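The values are calculated or read from the model by the stated rules, or taken from the named source; none is laboratory data. Worth saying up front: this structure is predicted, and the values here are computed from it rather than measured. Every residue, glycine as well, gets a Cβ built from its backbone with ideal geometry; the counts of neighbours run over all protein chains shown.
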Amino acid sequence: MTETDAGGRALEALRKVFGYESFRGEQQAVVDHVVSGGDAVVLMPTGGGKSLCYQIPALVRPGTGVVVSPLIALMQDQVDALRAAGVRAGFLNSTQDFDEQRLVEAQFQAGELDLLYLAPERLRLESTLNLLSRGRISLFAIDEAHCVAQWGHDFRPDYLALSVLGERWPDVPRMALTATATRATHEEITRRLGLGSARHFVAGFDRPNIQYRIVPKAEPKKQLLAFLREEHPGDAGIVYCLSRNSVERTAEFLTANGIDAVPYHAGLDARTRAAHQARFLREEGLVVVATIAFGMGIDKPDVRFVAHLDLPKSVEGYYQETGRAGRDGLPSTAWMTYGLNDVVQLRKMILSGEGDEAFRRRAQAHLDAMLALCETVRCRREQLLAYFGQEASEEHCGNCDTCLAPPETWDATVAAQKVLSTVVRLERERRQKFGATQITDILLGKRTAKVIQFDHDQLSVFGIGEDLAEGEWRGVIRQLLAQGLLSVEGEYGTLVLTAGSAAVLRGERQVPMRKEPKKAPSARGERKA
Ligand code: ADP
Ligand code: ZN
């Protein structure tokens, strides 16, 4: 087969099988490289068109393309869609009975499959490896390859065993594909999958049709409802919440307010989940309220918005989740509410979670980058792309909240000193630690039961913060946490000083902050979330 032959057959497959006129972005380069037998690491944003990068070479090269995917729930759909297009595709996973598996195995051995989808855990079985040795393989495609990254947010131990593919089939081209693009993840994929000599294809990560907005959290469910009613009535979208409980309550709240919404989380039984997912894919205006269990690999082009009611744990997570909006290229919104409790919650989760010290430091660094994105006064898109090592095409994207309405900043040095001195007083004079609510009550001079109980109205800092409203103080504390000038400790999320606090207290460090909306609703609204 000559190069032009192969190129012609690739284009023919694109047109005849998939019905597309031309390749997009890096697809052509990836396809050419793999068709001619090369290994590839493909980094492309969600919706960028990764599937064709391996499906077309699998059709052009002799043998079966073996696709490793963790998305068992989607395999049936993917294979059905391929079959409908006339591609001979099959899958092997734990949802099939014995006879179904035997049939697919026989088809593979007889050379009757263009594509075979496998769950990663299958490749830990010697029987699967033996089966693969009995057929002819055109390529291995390892989808969602960031799952091999141990520090990543989707780590799956089964992925580590995939290095066996290169060892047993050194002559078969291998591709790793992912939408996660940080340098660290990229390097880890290359190293762990033995792709040292692979060519790397990195697509642009900018999603210009997505409008990024991050707003202060006051009464999140009501804010969400207003956002949906004003900007996305009748649109399909995803609302992400951190806990199953808040998923349930948010879905109920939306339904009660006339919005067609269903919950999705790992605590629902498999049948309900599958039904809700199927409705989302088929119907036009359904809202799915979900934990991050929902969405990986879901291919619905007309998702018009992705809303976050809670802070994602990392910028990678945020990018992937928001990337599910607007795959069709039409205007879409990535909207998020974010507040002090998010920071405290996530810090606490990291501190009390599993993993060793290095793991926690890593998780903390991920969270810090996410917080920096939330608090930035720069263009959000610019900051997001910079995180992935890319430059924005324009400094001012004009399609994010900070570009559309540049946030005001103020010199919050004195306010920061007031908060920090309160924490110091409690620690030094009383050997006590308290959370944000008590600190705020002290600053505002509120004689709450808890203030009286601990004699905090006797502190010299009692009432020194009457110049700001409660919501503003919570904003100051949140930004101090985000800037690393204050930290959180223990199961109650008590506030403690950091290495950076002293310079602020001594007046050696200025603390610029984003301005909070003056009439920030009470903290109670936030706690109800
Ligand atoms: P990813 O896996 O990178 O998230 P997909 O492979 O699911 O993306 O592709 C996203 C969408 O773009 C799909 O609906 C797919 O059919 C479409 N698509 C991919 N490549 C092309 C192309 N060359 N021309 C038109 N549409 C394409
Ligand atoms: Zn911008």
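Miscellaneous remarks
- Candidate set: region 164-194, residues that are within 16 Å of ligand 1 (Cβ to nearest atom) and modelled with pLDDT of 90 or more; chosen: the one farthest from the chain's Cα centre (by Cα): 175
- Scanning region 367-379 for residues that are more than 9 Å from ligand 2 (Cβ to nearest atom) and touching a Ser or Thr at 6+ places or on another chain (Cβ under 8 Å) turns up 367, 369, 370, 376, 377.
Conditions tested, residue by residue: (1) closer than 26 Å to residue 303 by Cβ; (2) more than 14 Å from ligand 1 (Cβ to nearest atom); (3) in contact with a helix residue (DSSP H, G or I) (Cβ under 8 Å, 6 or more places away or on another chain).
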| site | (1), (2), (3) |
| --- | --- |
| 10 | no, no, yes |
| 27 | yes, no, yes |
| 36 | no, yes, yes |
| 47 | yes, no, no |
| 58 | no, no, no |
| 70 | yes, no, yes |
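- Residue 403 without any contact (Cβ under 8 Å) to a residue 40 or more places away in the chain, farther than 30 Å from residue 350 by Cα, buried (at least 19 other Cβ atoms within 10 Å of the Cβ) and within 16 Å of ligand 2 (Cβ to nearest atom): yes
- Residue satisfying condition, being more than 16 Å from ligand 2 (Cβ to nearest atom) and at pLDDT below 95, within set 58, 13: 13
- Candidates 176, 184, 226, 251: the one that is over 30 Å from residue 474 (Cβ atoms), small (Gly, Ala, Ser) and in a helix (DSSP H, G or I) is 184.
- Residue match in region 368-380 (condition: crowded, with 24+ Cβ neighbours inside 10 Å, modelled with pLDDT of 90 or more and basic (Lys, Arg)): no
- Taken over region 371-430, residues that are within 21 Å of the chain's Cα centre (by Cα), of a type in the set (Asp, Glu) and more than 30 Å from residue 441 (Cβ to Cβ) amount to 3.
- Pairs are defined by a Cβ separation below 7 Å, a sequence spacing of at least 6 or placement on different chains, a first member in region 380-396 that is within 9 Å of ligand 2 (Cβ to nearest atom), and a second member that is modelled with pLDDT under 75; the pairs so defined are 381/392; 382/392; 382/395.
- Some residue of region 195-202 being crowded, with 20+ Cβ neighbours inside 10 Å, within 30 Å of residue 364 (Cβ to Cβ) and more than 22 Å from the chain's Cα centre (by Cα): yes
- Residue satisfying all of: in region 306-350; within 16 Å of ligand 1 (Cβ to nearest atom) and in a helix (DSSP H, G or I); modelled with the highest pLDDT among these: 322
- Filtered residues of region 293-303 (kept if surrounded by fewer than 22 Cβ atoms within 10 Å (Cβ to Cβ) and within 16 Å of ligand 1 (Cβ to nearest atom)): 296, 297, 298, 299, 300, 301, 302
- Scanning region 142-188 for residues that are polar (S, T, N, Q) and within 21 Å of residue 387 (Cα to Cα) returns 150, 178, 180, 182, 185.
- When 2, 64 are screened for being modelled with pLDDT under 95, away from ligand 2 (no atom under 16 Å from the Cβ) and either among the polar types (S, T, N, Q) or more than 24 Å from residue 203 (Cα to Cα) (or both), only 2 passes.
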